Amino acid sequence: MLKATQILGSCASGLVSKPRCSGGLSFISVSAKPLSYSSSSRRATSTNSSFLPKFPARGTRCLRPFHLPSTRSESNPDGGSASSVAVQHSAGNVRKINFCQWCGGPTKHEIPDGEEKMRAICTVCGKIAYQNPKMVVGCLIEHDNKVLLCKRKIQPSYGLWTLPAGYMEIGESGAEGAIRETWEEANAEVEVLSPFAQLDIPLIGQQTYIIFLAKLKKLQFSPGPESSECQLFALDDIPFNSLAFSSMFVTLNLYIQDVKTGKPKFHYGTINKRPGTSPSDIHAFTLDYHLQC
């Protein structure tokens, strides 16, 4: 999967031609006209389809950023701090670390020898604090043409709906983490069927979402400690106006698109959140570099 999602090309005018990867897989790159988002209707609108909200049509050979604009940004799916060290936001979407996470000493910010990026270096013990992407894993659970959603009982996005998902733990695979998160949030035992989407969110704590398609091992689920409700939703009844995160909005729309076409795909894309907007607005983003294979 990593090999597949790393193949990005470029050409004149900023478009990407149709690339191919090993193992017989091929990418279908897509293009789309920008969509507008109406706060009054709470729907995305397009001139060539009645499906709302809408994602790009299949089969075109050029790749352009897909725009679904509005007004806010993504948040930590587990409600916790992104780091245990004292931080503040700085230019370039990198958190400025003021104190060492090992000894508590003050840091200086310099480019270490042999590197190219500014790092926080402890002035006491000399250790360098590296900031790496956070991996979020979860399950899109299919059952009888419905999907399982959980209503959050914690902040951020208290009272809004999400797929069961959370941060990977050390020592587990992505699929194992997704199964664990599903059990913790929905008391549901699931079998992972296939990877469905990788969504990178570089402007929000460098998050990467890996969502797996899964099925219930038995028709039993109930709210876990972080959920107030769990419910199976028919596709037409998914509460798009009450979703917790942009990643969930994108994932569910891509899933509906695949169901409508009858062609399941693996999706890769970058969710670029709009700088300076509130963390609670899930519609303030563009979906760029959307690839399907």
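The values are calculated or read from the model by the stated rules, or taken from the named source; none is laboratory data. Computed from a predicted structure; not experimentally measured. Here the Cβ positions follow ideal geometry from the backbone for every residue, glycine too, while neighbour counts run over all protein chains shown. Ligands, DNA and RNA are excluded from the accessible area calculation, which covers all protein heavy atoms including side chains. Shrake-Rupley method; radii C 1.70, N 1.55, O 1.52, S 1.80 Å.
Odds and ends about this structure:
- Projected area averaged over orientations for the stretch 94-181, convex hull of C-alpha atoms, nm²: 8.7
- The stretch 181-233 - Debye-derived log10 I(q)/I(0), Cα point model, q = 0.20 Å⁻¹: -0.83
- Reach of residue 273 by Cα under 19 Å, taken over aspartates and glutamates that are not fewer than 8 positions away in the same chain: 74, 78, 200, 281, 288
- Simple label model, 7 Å out from Cα along Cβ direction - residue 108 to residue 127, nm: 1.9
- Linear extension gain, residue 98 paired with residue 172, 0.36 nm per residue minus alpha-carbon span: 23.6 nm
- Greater than 30 Å apart at Cα, pairs in 127/153; 215/260; 218/260; 153/265; 96/265; 134/265: 127/153; 153/265; 96/265
- Each Lys or Arg adds one and each Asp or Glu takes one away; over the other residues whose Cβ falls under 14 Å from the Cβ of residue 218, this sums to -1.
- Pairwise label distance in nanometres, residue 241 with residue 115, each label 7 Å out on the Cα-Cβ vector: 4.8
- The stretch 87-218: relative contact order as a whole-number percent, Cα under 8 Å and 6+ apart: 22
- Between residue 229 and residue 145, the contour length at 0.36 nm per residue exceeds the alpha carbon distance by 28.3 nm.
- Stokes-Einstein diffusion coefficient of the stretch 223-293, Kirkwood radius over Cα pairs, 20 °C, 1.002 mPa s, in µm²/s: 154
- Surface composition of the stretch 192-236: carbon plus sulfur atoms contribute 51% of the solvent-accessible area (1.4 Å probe, protein chains only, all chains present).
- Per residue accessible area in Å² of the stretch 172-265, where ligands, DNA and RNA are left out and the probe is 1.4 Å: 40
- Amide proton proximity set for residue 193, modelled H, under 5 Å, gap of 5+: 213, 214, 215
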